[in-house]
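Comments concern the structure below.
The values are calculated or read from the model by the stated rules, or taken from the named source; none is laboratory data. As the structure is a prediction and not an experimental result, all values here were calculated from the model. Cβ atoms come from the backbone with ideal geometry, glycine included; neighbour counts cover every protein chain shown.
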Amino acid sequence: MFSYKRASNIIFNELKNNKIELTGSADPGLFKNEFEKILYKKIHEIRKDFTKIGKDNDYEGILKTLSLAKKEINEFFENVIVNDQDDLIKKNRLELLQMLCKTFDNYLNFSKVESL
């Protein structure tokens, strides 16, 4: 949940302070390091796993799948500067975070958890 909240706060602040639009679709061709590529791949793995899990109230399965992304998300934040000087790279990294948040939002509404 902490990773989700961190990503959503970055997105919220950028959208509030800058006039950009995010579609939630990052361009892998613009990735500059392995951590972006790894997170992108993990997001797609989560999405694939969710199609197997379904939404049949398998909350334990959903949380387990989401928790498997913790390592990749943490490594992304530790090694990638989202606020890159190149606006195109910055926007693409924001799109990647938007993809992450949308993926999580499809199955659980973390934004409703106030203790984050």
| task | Determine whether THR65 is of a type in the set (Val, Ile, Thr), modelled with pLDDT under 85 and within 16 Å of the chain's Cα centre (by Cα). | result | yes
GLU34: loosely packed, with under 15 Cβ neighbours inside 10 Å, within 15 Å of GLU78 (Cα to Cα) and either more than 15 Å from the chain's Cα centre (by Cα) or modelled with pLDDT under 90 (or both), yes or no?
yes
Taking region 3-27 and keeping only residues that are under 11 Å from the mean Cα position of the chain (by Cα) and of a type in the set (Ser, Thr, Tyr), one is left with SER3, TYR4, SER8, SER25
* Could you check, for region 44-58, whether at least one of its residues is among the β-branched types (Val, Ile, Thr), at pLDDT below 80 and more than 19 Å from LEU88 (Cα to Cα)? => yes
Scanning region 70-96 residue by residue, the ones that are over 14 Å from LEU30 (Cβ atoms), touching a residue at least 60 places away in the same chain (Cβ under 8 Å) and of a type in the set (A, V, I, L, M, F, W, C) total 2
